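Let me begin by presenting the structure, written as structure tokens, before commenting on it.
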């Protein structure tokens, strides 16, 4: 039997114009910081923005954006709270303070449930902070969300790109659109990622330099938006056609 | 019915003196580099060492150590190949070139299978490069391997330690020994991780400074062992009682 929740997921997302899955091959490349900052910047540009944290391996957008004490409201489904002018939902609303972690199957279930019940309403952009890599959750998203498009974050490291290569291959095989690759935490000149992006026929969206002051901006949205890092994300958003509406 | 493979797992590991799970809260903290380098260093100190890569989210020890063209042999089970003086096994021997990634349940199954069939023989140390965080694979390891002890790798970042906190809580609840916390990729003075380790009553094993030359040593074992990074791992191994036999 087909899960009856599946049919209502895309209905729930019917008024969301753009669904951006911020993804990576491996963890630690700055995916959550880029997802949070991109969502903030799109919102400050005047767009209607939602931010959804699905990175159950290390949920951190609530720490980055200092979102505390907010909770979704129930009203024929779940209404995401507003934070910094965006609609905000996180998998931590379902898993926080669990004594033991969820098994993969339960997590898949929680994700489907979350999409089935959340009322996003009308949005220009829904930015999703994905779990790293291509595990169950990534597969579920691809299966579940018709309009999903991937923004892939990597560092300049060979080890990081090795895993991105697999993600690209999977997305291409499944015919899922890739917005492009954003190179983060760059510390010196190198065209390794740019060349590899070209070889895979995936747009290279730009590079963001390693910003030593970023760590101190975690939890402080105004400071975060003033960092060189945020300036890099802003430039990427400006130069990428998919972020103009 | 109890999985009959479970009973033979600890028999297979009967002659392995020390099982070291190199683990992290999130990805990108240098876990695989530390696991590979620690295994190499213990081996060069004259110990009998095995290295097992279970990080199916981004397997990379074979890239770090430039292990190509080796394959396990079958002989009443699987005999790990020798690489750089160590016995080496990787989950990629089971998953490489799969067109689509394995689901969590299949991965659990592959891990149990791998432990049930691998003949490690007599070892002083089996170093395991764990998947990041506390997903299914971590839970399976804890359930499966009686002698397992955790070495936790983190960066100085608040976001990285937030996830380490959960890992520590889980390990303590389950009574699994923690060797300690190793702080990697340090770029400036900070006692955030040391203080947090003390608060959680977990040994602080030391700090390893960010090494810009490390990236160029990937795939070159002799160069890798000459980096400041490797010197940091060597000092940690020397100063930690659990690495003396």
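Check whether at least one residue in segment B:31-39 is more than 21 Å from residue B:186 (Cβ to Cβ), out of contact with any helix residue (DSSP H, G or I) (no Cβ under 6 Å at 6 or more places or on another chain) and at pLDDT 95 or above, and report yes or no. Steps first, please.
At the first step, the residues of segment B:31-39 found to be more than 21 Å from residue B:186 (Cβ to Cβ) are B:39.
From what's left, out of contact with any helix residue (DSSP H, G or I) (no Cβ under 6 Å at 6 or more places or on another chain): B:39.
Adding the requirement that they be at pLDDT 95 or above leaves B:39.
Scanning segment B:31-39, I find at least one residue that is more than 21 Å from residue B:186 (Cβ to Cβ), out of contact with any helix residue (DSSP H, G or I) (no Cβ under 6 Å at 6 or more places or on another chain) and at pLDDT 95 or above, so the answer is yes.
Please list, ordered by residue number, the helices (runs of 4 or more DSSP H) wholly in segment A:1-65 having 2 or more residues that are closer than 24 Å to residue A:206 by Cβ, away from chain B (no Cβ under 11 Å) and touching a strand residue (DSSP E or B) at 6+ places or on another chain (Cβ under 6 Å). Full working, then the answer.
Numbers: elements: A:4-12, A:31-44, A:61-64.
Filter on segment A:1-65 gives A:31-44.
Checking the structure you have, find out if any residue of segment B:89-110 is away from every other protein chain (no Cβ under 14 Å) and within 28 Å of residue B:46 (Cα to Cα). Give the steps one after another, and end with the answer.
Within segment B:89-110, the subset away from every other protein chain (no Cβ under 14 Å) is B:89, B:93-94.
So of that shortlist, the ones also within 28 Å of residue B:46 (Cα to Cα) come out as B:89, B:93.
Looking through segment B:89-110, at least one residue is away from every other protein chain (no Cβ under 14 Å) and within 28 Å of residue B:46 (Cα to Cα).
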Among helices (runs of 4 or more DSSP H) lying entirely in segment A:134-222, which contain 3 or more residues that are within 11 Å of chain B (Cβ to nearest Cβ) and surrounded by fewer than 22 Cβ atoms within 10 Å (Cβ to Cβ)? A:136-144, A:158-174
Restricting attention to segment A:84-122, the residues that are within 23 Å of residue A:30 (Cα to Cα), buried (at least 21 other Cβ atoms within 10 Å of the Cβ) and modelled with pLDDT of 95 or more number exactly 4
Any residue that is surrounded by fewer than 24 Cβ atoms within 10 Å (Cβ to Cβ), out of contact with any strand residue (DSSP E or B) (no Cβ under 6 Å at 6 or more places or on another chain), within 14 Å of chain A (Cβ to nearest Cβ) and in a loop (DSSP other than H, G, I, E, B) - is there at least one of those in segment B:68-75? yes
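The values are calculated or read from the model by the stated rules, or taken from the named source; none is laboratory data. All values reported here derive from a predicted model rather than from experimental measurement. Every residue, glycine among them, receives a Cβ derived from its backbone with ideal geometry; neighbour counts consider all protein chains shown.
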